[in-house]
1. Would you be able to say whether some residue in segment 123-130 is farther than 25 Å from N35 by Cβ, under 17 Å from the mean Cα position of the chain (by Cα) and not acidic (D, E)?
2. Considering only segment 72-93, how many residues are open to solvent by 60 Å² or more (accessible area, probe 1.4 Å) and in a helix (DSSP H, G or I)?
3. Limited to segment 153-175, what total is found for residues that are farther than 19 Å from V126 by Cα, at pLDDT 65 or above and either aliphatic (A, V, I, L, M) or open to solvent by 50 Å² or more (accessible area, probe 1.4 Å) (or both)?
4. Among the residues of segment 100-118, is there at least one that is farther than 19 Å from T187 by Cβ, small (G, A, S) and either part of a helix (DSSP H, G or I) or modelled with pLDDT of 95 or more (or both)?
5. Hey, among the residues in segment 28-62 that are open to solvent by less than 40 Å² (accessible area, probe 1.4 Å) and in contact (Cβ under 8 Å) with a residue 60 or more places away in the chain, which one's nearest to A120 (Cα to Cα)?
6. Restricting to segment 119-134, what's the tally of residues that are open to solvent by 30 Å² or more (accessible area, probe 1.4 Å) and touching a residue at least 12 places away in the same chain (Cβ under 8 Å)?
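The values are calculated or read from the model by the stated rules, or taken from the named source; none is laboratory data. Being a predicted model, the structure only gives us computed values, none of them experimental. Virtual Cβ from ideal backbone geometry, glycine too; neighbours counted across all protein chains shown. Ligands, DNA and RNA are stripped out before the accessible areas are found, and what is left, the full protein with its side chains, is counted by its heavy atoms. Shrake-Rupley method; radii C 1.70, N 1.55, O 1.52, S 1.80 Å.
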Amino acid sequence: MKEVISVVKQARALRTHDRVLDAAAYEFARYGYVNANLQRIADRIGLTKGALYGHFSSKEKLAAALTEHLSRSVRTLLDGARTSPEPATSRLEALVLGLGRLFETDHRAQAALRLEVEAARAADTVAPLLSDTHGIALELVDEVQRGRRWDGAPPADALADLIVAAFCTALWTGACAGPDRPGPSITAMWGVLTRAMGTRASA
């Protein structure tokens, strides 16, 4: 009987833990790190601040949990882009669309991206996530151009800039668009880019 009670308590604690992370994601995405408020996070899910501290003892630890989630998600995509046996065009497409889907659907990732960008600005540097993504995108664009699948005239680094900007733009416009004007999906933006460069995105 004690074991059953323990399992039930653990399951309840895990559910509460997830609810805290979701509430924190909303708070950080809306207000940023500096203006985020732990009391609002607790109020959003009906917890006391003391109960919230039982899961995360500080705003720093909440932010760290979200950025770790983002890091794991993006690392999976970057590793796939680097190691997959697929052609460079397919790997680049999978990377861009994977990032787009991540930031279009994962509220924790959206909040963590804002946190990473804010921290990078404060340190007068580039967010590591964006820097790493740009580096791999540059490698793949160069490989695609050398394989004559895309127009080789535009500089590869400029195209990598554009690709990284595409999923950031999709995230931003999606967040700012109203119900009567949904933001462009990363899939649509990718299709426009590949057609302009002389090849079509795979179905």
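1. Scanning segment 123-130 turns up no residue that is farther than 25 Å from N35 by Cβ, under 17 Å from the mean Cα position of the chain (by Cα) and not acidic (D, E).
2. Total meeting the criteria: 6.
3. Total meeting the criteria: 3.
4. Yes, that holds for at least one residue.
5. G32
6. Counting residues in segment 119-134 that are open to solvent by 30 Å² or more (accessible area, probe 1.4 Å) and touching a residue at least 12 places away in the same chain (Cβ under 8 Å) gives 5.
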